[in-house]
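A short worksheet on the structure shown next.
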Amino acid sequence: MQTESQRKFIVLLLALSCIISIYLFINTNPVSPKKLTDGAQIDSLISMSLEEFNIESSQVRRRNIQVDSVFTRSVYNIRVAPNFSKTTLHYTLQQELWPYNVKPAAQIRFPEKDLRMHLLYNDQIYRTIIVSEDQELTLQRNQPEILPGQDSHEVD
């Protein structure tokens, strides 16, 4: 059984948390979503992320696919070193694209371990990114790698 002083203390804590919640609700500004004006913004965010990972332009091939008479989708084929962490690239792209309401949906194709990522906006695929391993490439400085002891299915 609780004593009277314990009950008063609990009520005081509850009242204090309500006051703090009201203060935060009144004094914080809502996060305003960024507006996506065209597909070039997505391309720019992809390019910035690839530069951040020191992926050279020679490792990236971009082609356009005509979906219908008005819409063209870009497909990026990216070659990376075998121990490059594709999951880290996926996570970084997700963080960059989230404020624009662009959702990356990805899957790994086995046995090649290729990452295929579709960037969706308003339930339509705007860009496709295919990340594949190239045995001739070596991991560059500042590129994420699969850590020793991790299974590839846990990371990629």
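Taking the Cβ-Cβ separation of R109 and V75 as r and a Förster radius of 22 Å, what is the calculated FRET efficiency to the nearest 0.05?
The value I calculate is 0.90.
Hey, got a sec? Which GluC sites (Glu not before Pro) in region 19-100 land in a DSSP loop and have at most 13 other Cβ atoms within 10 Å? Spell out each step's value before the answer.
Details: sites: E51, E52, E56, E96; in loops: E56.
Taking region 19-100 and a limit of 13 other Cβ atoms within 10 Å, the loop GluC sites (Glu not before Pro) found are E56.
Using +1 at the Cβ of each Lys and Arg and -1 at the Cβ of each Asp and Glu in the chain, identify which of A15, I108, Q124 lies farthest towards the dipole's positive end.
Positive-most Cα among the choices belongs to A15.
If the elastic network links every pair of Cα atoms under 10 Å, which of P104, P82, P33 fluctuates the most in the Gaussian network model of the chain?
P33
How big is the dipole moment of the chain about its Cα centre under a simple scheme where the beta carbon of each Lys and Arg is +1, that of each Asp and Glu is -1, and everything else is neutral? Debye, nearest 20, please.
Rounded to the nearest 20 debye, it is 500 debye.
Would you work out what percent of the accessible area of the chain, with all protein chains in place, is carbon or sulfur (probe 1.4 Å)?
54
Evaluate the relative contact order of the chain (contact order divided by residue number), counting alpha-carbon pairs under 8 angstrom at least 6 apart; express in whole percent.
On the way: 194 pairs, mean separation 35.1, N = 156.
After rounding, I find 23 percent.
If I fit a long axis through the Cα atoms of helix 86-97 and take the longest principal axis of the Cα atoms of the chain, what angle between them do I get, 0 to 90°, rounded to 10?
With both axes taken from Cα atoms, the answer is about 60 degrees.
Choose one answer from F25, F71, F110: the residue with the largest mean-square fluctuation in a GNM of the chain with alpha-carbon springs under 10 Å.
Highest fluctuation of the listed residues: F25.
The values are calculated or read from the model by the stated rules, or taken from the named source; none is laboratory data. The shown structure was predicted, so the numbers you read here are calculated from the model rather than taken from an experiment. We place every Cβ from the backbone using ideal geometry, glycine too, and count neighbours over all the protein chains shown. Heavy atoms of the whole protein, side chains included, go into the accessibility calculation; ligands, DNA and RNA do not. Shrake-Rupley method; radii C 1.70, N 1.55, O 1.52, S 1.80 Å.
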